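The values are calculated or read from the model by the stated rules, or taken from the named source; none is laboratory data. Source: prediction; values computed, not measured. Every residue, glycine as well, gets a Cβ built from its backbone with ideal geometry; the counts of neighbours run over all protein chains shown.
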Amino acid sequence: MDERRAERFLTRRGERLGSLGFQDDPARPAWTPDGGLIVWHYTRPERLPLILGTAGGLRARKRVLGSELTPEFEGLRSVEGFLDPKPRWLDDSPAFGGEGGRRWRAHVGSVLLRVELPPGFRGVWVADWAHTLECYAVQRGEPAPLGLGYDCSTGRQSVRAYAHSLVPVQQYHGGHLAPVVTVMRRGPGIAVPRACVRLAEIQPRSAENESPDPSP
């Protein structure tokens with residue numbers, strides 16, 4: 001493993017794994033005719049009444065971690081989604097195979113929501129979860145798929161690299177291997193209002209369309 005690769009992502013902001021020659025995910029931000037952003041979010045069926053109810057919406061539950069290079073993120077909360085309703089990197093990543101899907105299925109549900117954020121909606125970023133997947137492999141005792149050279153004993157370096165990979169969605173034109181949309185706010189609460197969320201017309205992970213989970 002080349003430690004110089006690790007330093008590139010641990011000491012700089014905005015670096016993208018695609019710049020090293022890795023094949024990035026094809027998903028790109030999709031915009032409505034009036035300039036709004038389309039995001040896709042998976043949830044569990046039992047959460048639908050809370051999300052789609054009158055006072056619903058998507059809550060920012062995940063704590064964001066920053067670094068001295070990204071102090072503006074420290075202490076924020078986020079809700080995550082995808083640029084595509086069925087991201088290729090979850091099930092067929094050139095670097096990670098289906099490991100992304102196996103990891104995410106432990107945390108997200110099978111019901112797809114379509115989120116339309118109005119023009120000018122603030123606090124939307126795109127990060128690369130590939131840094132996290134890299135250390136997951138190492139922690140399992142497997143070869144690092146990307147050979148980035150992270151010290152994965154604690155996971156702190158991959159978290160740092162993930163924070164550094166965050167770029168404003170308006171500036172994202174590719175380069176991430178496992179792009180994740182992150183909508184942030186200060187403190188817990190509704191990050192995406194109910195008016196922006198609806199049940200998607202397509203349901204890629206419904207029982208009739210979803211292939212069996214390949215995990216053992």
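Those strands (runs of 3 or more DSSP E) of region 61-147 in which 2 or more residues are β-branched (V, I, T) and either surrounded by fewer than 16 Cβ atoms within 10 Å (Cβ to Cβ) or at pLDDT 95 or above (or both) occupy 111-117, 124-128.
Filtering R47, R4, R28 for residues that are touching a residue at least 12 places away in the same chain (Cβ under 8 Å), of a type in the set (K, R), in a loop (DSSP other than H, G, I, E, B) and surrounded by fewer than 17 Cβ atoms within 10 Å (Cβ to Cβ) leaves a single hit, R28. The residue list V124, V138, V169 contains one member that is under 17 Å from L10 (Cβ atoms) and of a type outside the set (F, W, Y), which is V138. Tell me yes or no: at least one residue of region 178-198 is polar (S, T, N, Q), in contact with a strand residue (DSSP E or B) (Cβ under 8 Å, 6 or more places away or on another chain) and within 21 Å of G35 (Cα to Cα). Scanning region 178-198 turns up at least one residue that is polar (S, T, N, Q), in contact with a strand residue (DSSP E or B) (Cβ under 8 Å, 6 or more places away or on another chain) and within 21 Å of G35 (Cα to Cα).
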